[in-house]
Amino acid sequence: MKNFLLKLPIPVSAIGLSFAGLAGLFAEYGLIKNSFMIVSCLILISVIIKFFLNPTMFKEQLNQAPIAATFPTFFMALAFLSKLFLPIHYYTALIIWLVATLGHCWCIISFTKKFATKRDLSLVLPSWFIVYVGIVASAIAAPVFNMPILIRVAQLILAFGYISFFVLLPIIVKRIKTIPLPEPLQATFGIFAAPASLNLVGYLAITTNKSFTLIVLQAILALLLYVIVLVNLFSLIKKNFSPAQVALTFPFVISATAIKLSTGVFVTKMASLASISMIVSYLALIIAVLVVFIVFIRYLNFTRNAVKK
């Protein structure tokens, strides 16, 4: 088990995030929700144990831009889990949320100092969205604690998420066009489906007076990016496995969440779209579950084979 954890790539935390997201999607189904929560917790605990088994190696791996950019998924997962832990114990959930938010802030500061300030386009990856937009996960979870100060913090986080998305989008697109992604990192293209959906879910979660027009515009953008990634999904997932394939999991989960929540809004405003919206919502959910489990199983096999070597 020790060797397995030492060989377990740090980006596995992204799968922990994906299972936490699935738990939220299946909130109405207690057994399924709890099962996904348990898997998410076990993955995050594995990452923590990995750190304590060899802190030096763990820190050295975080000096690599692709891994450092993915690591904030650990804190994003904690943010989603804090919301799910609320019915169990309020203050435990609140502490988890605080750790998640402060931890992600640390990731942003550390990553910016190590990589963003170098202004090296070759270091730029789609996973940079995780670092700077990913903190919106904390904004999504904040309202459940019913604390005005946290709502204010969530609003600031969401604003930061929007700004980060629109600043990073042209930079990352330019990087991919001028410097193609190496094959082991090509799956990170899937991350393009995540930030717009994450911001939309954040907007729906914390905004009191919602603008239907803004919801529609955000939903169109999120759906467009989702479809672009979906069209490329098969070619990305059939490649030889690399740890970067975790980048395919959460984008489909958060996209399914955004589609589900926006469907609820559209149905109240445009009843004629109810049927097609529900079909799209269910299809997105099925795709998300399939992608998460396929990548998770391949990840376990990859780590098991690494241990044997």
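The values are calculated or read from the model by the stated rules, or taken from the named source; none is laboratory data. Bear in mind that the values here come from a model prediction, so they are computed numbers and not experimental data. Glycine gets a Cβ as well: all are built from the backbone with ideal geometry, and neighbour counts include every protein chain shown.
Among the residues of region 162-177, are any in contact (Cβ under 8 Å) with a residue 12 or more places away in the chain, surrounded by fewer than 16 Cβ atoms within 10 Å (Cβ to Cβ) and within 22 Å of Ser18 (Cβ to Cβ)? No, that holds for no residue. In region 254-308, the qualifying residues are those that are of a type in the set (D, E, K, R) and modelled with pLDDT of 90 or more, and the one that is surrounded by the most Cβ atoms within 10 Å (Cβ to Cβ) is Lys260. Looking at region 212-221, can you tell me whether even one residue there is in contact with a Lys or Arg (Cβ under 8 Å, 6 or more places away or on another chain) and either touching a residue at least 24 places away in the same chain (Cβ under 8 Å) or among the aromatic types (Phe, Trp, Tyr) (or both)? Yes, region 212-221 contains a residue that is in contact with a Lys or Arg (Cβ under 8 Å, 6 or more places away or on another chain) and either touching a residue at least 24 places away in the same chain (Cβ under 8 Å) or among the aromatic types (Phe, Trp, Tyr) (or both). If you scan region 126-153, which residues turn out to be under 17 Å from Ile96 (Cα atoms), surrounded by 24 or more Cβ atoms within 10 Å (Cβ to Cβ) and not polar (S, T, N, Q)? Result: Gly134, Ile135, Val136, Ala137, Ala139, Ile140, Ala141, Ala142.
Restricting the first member to region 1-13 and to residues that are closer than 19 Å to Ala77 by Cα, and the second to residues that are outside any helix (DSSP H, G or I), the beta-carbon pairs closer than 8 Å and six or more apart or on different chains are Ile10/Leu62; Ile10/Phe71; Pro11/Phe71; Ser13/Phe71.
Just checking, does region 123-146 include any residue being farther than 19 Å from Ile215 by Cα, hydroxyl-bearing (Ser, Thr, Tyr) and part of a loop (DSSP other than H, G, I, E, B)? Yes: region 123-146 contains one or more residues that are farther than 19 Å from Ile215 by Cα, hydroxyl-bearing (Ser, Thr, Tyr) and part of a loop (DSSP other than H, G, I, E, B).
Table: residues versus (1) of a type in the set (Gly, Ala, Ser); (2) surrounded by fewer than 23 Cβ atoms within 10 Å (Cβ to Cβ); (3) modelled with pLDDT of 95 or more.
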site	(1), (2), (3)
Leu5	no, yes, no
Pro11	no, no, no
Ala14	yes, no, yes
Ala20	yes, no, yes
Glu28	no, yes, no
Ser35	yes, yes, yes
Val39	no, yes, yes
Leu42	no, yes, yes
Lys59	no, yes, no
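Out of region 228-285, which residues are under 19 Å from Gly21 (Cα atoms) and β-branched (Val, Ile, Thr)? Result: Val229, Val246, Thr249, Val253, Ile254, Thr257, Ile259, Thr263, Val280.
Here Asn209, Asn240 are screened, and the one residue that is over 28 Å from Pro66 (Cα atoms) and part of a loop (DSSP other than H, G, I, E, B) is Asn209.
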